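Below is one structure, written out as structure tokens; comments come after it.
Rule-based calculations on the coordinates, nothing more; no lab input. Just so it is clear, the model here is predicted, and its values are computed rather than measured. Methodologically, a virtual Cβ is constructed for each residue, glycine included, from the backbone with ideal geometry; neighbour enumeration extends over all protein chains shown.
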Amino acid sequence: DAKTTQPNSMESNEEEPVHLPCNHSTISGTDYIHWYRQLPSQGPEYVIHGLTSNVNNRMASLAIAEDRKSSTLILHRATLRDAAVYYCILERGGSQGNLIFGKGTKLSVKP
Amino acid sequence: DAGITQSPRHKVTETGTPVTLRCHQTENHRYMYWYRQDPGHGLRLIHYSYGVKDTDKGEVSDGYSVSRSKTEDFLLTLESATSSQTSVYFCAITKGQTYNEQFFGPGTRLTVL
């Protein structure tokens, strides 16, 4: 299975944009890119996903490199409630939702 | 709220005893998943189900079995619990025909002494 590489931790200031990077150099053409986040003592929460094109939703934006070997999750204005572990995950098309989580990036947000 | 409950929420048991964890959903979705999460790690898939009596193994299935006799319930069984199975267990479902977005339950914290 293709793997992802993320920084262990990042810090941000409240109300500033945050760019969370993810490298996935061995991605295949049918792999979807997912982002989930996990707040303390909770189950993971879906954030966004994409295949080739950039994606926007009410929570965040996903920017996918043209060669698809990296992607960036963008939180447009960080809030204290965005402090969480963010996971970048590749899902092989047709795998019936078999998500392979890595260790993720722990995002801290300072007031 | 995806209507997912897990029971029990906390359990302490002894090595060698059988343990069953239950995941219950109220919306009759087809796909259900069991993950475990250990300190400092992301989640790892144990087993998943794509319908009643249809299950398949995930990344870390050894020592675990599952059953799904009704759409709404997905049971995870540790036949003979070991200390290495101390973990937090999460159940998840996907809605509709796409499994791109998974919804997770609140988790069960299991301690095996």
> How do the peptides A:26-39, B:52-65 rank, highest first, by the average count of neighbouring beta carbon atoms within 10 Å per residue?
Replying inline: A:26-39, B:52-65
>> For a test of the definition: using alpha carbon positions, the gyration tensor, and the 1.5 limit on a/c, classify chain B as rounded, prolate or oblate.
In response: prolate
> Which value, in Å³ per residue, describes the convex hull spanned by the Cα atoms of the protein assembly as shown?
Replying inline: 118
>> Given the options B:PRO8, B:HIS47, A:VAL85, identify the residue whose Cα lies farthest towards the positive end of the charge dipole of the protein assembly as shown (+1 on Cβ of Lys, Arg; -1 on Cβ of Asp, Glu).
In response: B:PRO8
>> Can you give the FRET efficiency to the nearest 0.05 for A:ASN57 and A:LYS3, using r as the Cβ-Cβ distance and R₀ = 22 Å?
In response: 0.30
>> Rounded to the nearest 20 debye, what is the charge dipole size of segment A:58-111 about its Cα centre when +1 sits on each Lys and Arg Cβ and -1 on each Asp and Glu Cβ?
In response: 220
> Label points 7 Å out from Cα along the Cβ direction at A:SER108 and A:SER41: separation in nm?
Replying inline: 2.0
>> Going by Cα centres, segment A:46-111 and segment B:44-71 are how many Å apart?
In response: 26
> For the charge dipole of chain A, defined by +1 on Lys and Arg C-beta atoms and -1 on Asp and Glu C-beta atoms about the Cα centroid, which residue among A:LEU39, A:VAL109, A:ASN57 has the Cα displaced farthest towards the positive pole?
Replying inline: A:LEU39
>> What's the magnitude of the charge dipole for the protein assembly as shown around its Cα centre, counting Lys and Arg as +1 and Asp and Glu as -1 at the beta-carbon? Answer in Debye, nearest 20.
In response: 240
